[in-house]
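As structure tokens, the structure follows; a few thoughts come after it.
The values are calculated or read from the model by the stated rules, or taken from the named source; none is laboratory data. None of these values were measured; they are calculated from a predicted model. FYI the Cβ positions are ideal-geometry reconstructions off the backbone, even for glycines, and counts take in every protein chain you see. Just the protein is used for accessible areas: all its heavy atoms, side chains included, with ligands, DNA and RNA removed. Shrake-Rupley method; radii C 1.70, N 1.55, O 1.52, S 1.80 Å.
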Amino acid sequence: QVTVAPSNTGGSKTITVEASESISLTPDMATLGIGVTNEAATIDEATVQNSEKVDAIVEFLRSIGYEDSSISTSDIGLYPQYDYSGSESVLKGYRMDTTIVINDVPADKVSEVLNGALDNGANTINSIRYFASGYDEAYNEALSKALKLAESKASSIAEASGIELSGLMSIEEHVPNTSARYSSTNGYMDYGMARAESTAAKASMDMAVLPGTVDAEASVTVVYEIK
């Protein structure tokens, strides 16, 4: 969009130019949310079984180099399970869910981490969130290109119109979409206790963890004064 109009601060005329540029990046890091879900007859059994599997997964993560600062648990839940097949509901046991969040996972190691977690007791994959660690640098590059494009557009318009640019009056950077730095797979994948160990389950999981691309896009509005 280009606007040529009198300045609202005086009698001078201005050219207002909008420009945007974007740079595509392949995400290189990821945050994973994996889960352990189990059922047992009593609260103690459910919590002990769940804790054993969570501990095994954490030990696996430590064994391949992840620090405790990169591992956390969240969304811990314990739920009574009822049998509604009869005339009255009957308590049949308890289900416990725990989500383990792993940060700082290189994109090319996602499948390795997920497969290892499945081997050590995980049976749900709750989220895979990719991001580009170089997003800020790419955004600054896109911003620089957008400013150069705005200058080029203004110069071309001025030349074609037989007028001359006399100075830069203002630059407005539009608020960037910070969520664009992430490429997320937030679908819930339930592998089940038996399926978690199957080759087919791991193959289907591998197909679901491609990072795709993200775009660092910068947009500006630049006002030039003209003679």
(message) Check which residues have an amide H placed less than 5 Å from ASP104's amide H, if you skip close sequence neighbours.
(response) ALA30
(request) Please state, as a whole number in µm²/s, the translational diffusion coefficient that the Stokes-Einstein equation yields for the range 1-141 at 25 °C and 0.890 mPa s, with Rh defined as the Kirkwood radius across alpha carbon pairs. (result) 129
(request) Could you let me know the centre-to-centre spacing of the range 58-77 and the range 93-170, using Cα atoms, in angstrom? (result) 25
(request) Enumerate the residues in the range 90-109 having an amide nitrogen under 15 Å from the point lying 7 Å beyond the Cα of SER133 toward its Cβ. (result) 103-109
(request) Would you mind calculating the gained length between SER20 and GLU88 on full extension (0.36 nm times residue separation, minus the Cα-Cα distance), in nm to one decimal? (result) 18.1 nm
(message) With the crude spin-label approximation of a point 7 Å out along Cα→Cβ, what separation in nm comes out for ASP104 versus GLU52?
(response) 3.1
(message) Sorting check: for 62-71, 152-161, which peptide has the highest mean count of neighbouring beta carbons within 10 Å, and how do the rest follow?
(response) 152-161, 62-71
(message) Sort TYR130, TYR182 by heavy-atom solvent-accessible area, probe 1.4 angstrom, most to least.
(response) TYR182, TYR130
(request) Could you do me a favour and compute the accessible area per residue for the range 53-190, 1.4 Å probe, result in Å²? (result) 56
(message) Taking the full set of protein chains and a 1.4 angstrom probe, give the accessible area of ILE23 in square angstrom, rounded to the nearest 10.
(response) 30
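Of the accessible area of the range 50-108, with the probe set at 1.4 angstrom, what percent is carbon plus sulfur?
Details: 1600 of 3520 Å².
Solvent-exposed carbon and sulfur of the range 50-108 make up 46 percent of the total.
Please give the length that would be gained between GLU172 and ILE43 if that part of the chain were fully extended, namely 0.36 nm times their separation in residues minus their C-alpha to C-alpha distance (nm, one decimal).
Going from the current span to full extension adds 40.6 nm.
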